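No value in this document is a laboratory result; all are computed from the given coordinates. Computed from a prediction, not measured in an experiment: that's the story for all the values here. Ideal geometry is used to build each Cβ from the backbone, glycine not excepted, and the neighbour counts take in all protein chains shown.
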Amino acid sequence: MIFFTADHHFDHQNIIKYCARPFAGVNEMNEEMVRRWNSVVKPEDTVYYLGDFSMAERPIEHFGRQLNGEKRLIIGNHDRCHPRKQNSALVQATYREAGFTSFDVELKLRIAGQEVLLNHFPYFAAEPAAGYVVKHQDLRPKDQGLWLLHGHVHEKWKVKDRMINVGVDAWDFYPVPISAIESLIHEGTK
């Protein structure tokens with residue numbers, strides 16, 4: 001089985017406030033996100049992780065090892081191995097030890113008969129949602145008509161045009177099965 005997810009921000013206390021997450025504290029948030037992940041992802045499954053796992057190295061080691069499945073990272077702006085961060089290549093070893101097997105800034109997959117782009121960011125031309133400040137425009141992909149799976153926007157939207165936000169804030173803190181993505185693409189191409 002294949003899953004997609006993003007934006008856990010493990011051990012990030014302030015994300016609870018920033019995104020109005022329904023947790024009393026960071027320990028509760030971390031434990032519940034691990035529980036929900038492992039309740040659907042089996043050890044033999046593959047998870048495409050679309051960025052922002054954690055802003056620090058210790059949570060990568062600690063939580064990455066607890067999560068089922070092979071994890072393939074599409075690097076986000078807060079990931080310690082982002083090419084723009086100092087020592088990014090060295091930090092990849094931490095991710096590998098935590099079960100991440102590949103590292104890409106973007107990737108294309110075939111899903112529901114469509115070529116689909118995977119990137120941490122929504123498209124460059126995407127209009128912001130109310131109250132959302134557009135950042136990192138230079139890192140965003142250009143819209144060339146493909147479906148896009150992304151994170152970064154947290155709770156701002158689930159589906160917008162041909163963009164599907166797989167971030168945990170939009171999916172009740174569960175990884176998204178490929179069948180849900182296929183359904184959204186089929187609905188959007190009718």
- Roughly what angle does helix 26-40 make with the longest principal axis of the chain, taking Cα atoms, 0 to 90 degrees, to the nearest 10? 60
- May I ask for the angle, rounded to the nearest 10°, between helix 88-97 and the longest principal axis of the chain, with both axes built from Cα atoms and the value confined to 0 to 90°? 70
- If you keep only loop residues by DSSP, which trypsin sites (Lys or Arg not before Pro) in segment 1-85 have at most 11 other Cβ atoms within 10 Å of their Cβ? Arg65, Arg84
- Message: For Cα pairs less than 8 Å apart in space and 6+ apart in sequence, what is the mean separation divided by the residue count of the chain, i.e. the relative contact order in percent?
- Response: 24
- Query: Under unit Cβ charges (Lys, Arg +1; Asp, Glu -1), what dipole magnitude, rounded to 20 debye, does the chain have relative to its Cα centre?
  - Reply: 240
- Given the Cα-Cα distance of Gln13 and Ser102 and 0.36 nm per residue of separation, how much length would full extension add, in nm? 29.3 nm
- Item | R0 of 45 Å, Cβ-Cβ distance Gln114-Glu32: FRET efficiency to nearest 0.05 | 0.85
- Helix 178-188 vs. the chain, principal-axis angle (Cα, 0 to 90°, nearest 10): 30
